[in-house]
Amino acid sequence: QEGTAVTSKADCDDLVVLNRLQESLFPKDDGSVVRMAATTRSRARSTNSAEAVQLDVVQRIRTDRILRAQNEEKWMVNLKTYLSGDLKSLDAGEARACGKTRTTMT
């Protein structure tokens, strides 16, 4: 009798006595119900995520500083090469940049 609508008063009273009143209701269409997994987060993890974000920012700043320092070192090496006259080891862009720098220095 499960899954059918009970309309008579006597059948409904029988279900109340048998503690099976839920059988008097129409069943829901299970196909339309979206099932989702519940996710929770602990307090400790939420505070750690802020620290992780700060670590990412610090690492990004360090990487930028290292790249800037390496570019400056490369620029200095290229300028020394240009001033010594060894233009074969420089490509056209590097030689042009060193030439512009040399004219601004004098």
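The values are calculated or read from the model by the stated rules, or taken from the named source; none is laboratory data. Since this is a predicted model, take the numbers as computed values, not measurements. All Cβ positions, even for glycine, are placed from backbone atoms using ideal geometry, and neighbour counts span all protein chains on display.
Observations on the model:
- Residues that are at pLDDT 70 or above and surrounded by 10 or more Cβ atoms within 10 Å (Cβ to Cβ) are absent from region 31-38.
A quick yes/no check of all residues on (1) at pLDDT 85 or above; (2) farther than 30 Å from K9 by Cα; (3) under 39 Å from the mean Cα position of the chain (by Cα):
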site: R43; (1), (2), (3): no, yes, yes
site: A50; (1), (2), (3): no, yes, yes
site: A69; (1), (2), (3): yes, yes, yes
site: L83; (1), (2), (3): yes, yes, no
site: K100; (1), (2), (3): no, yes, no
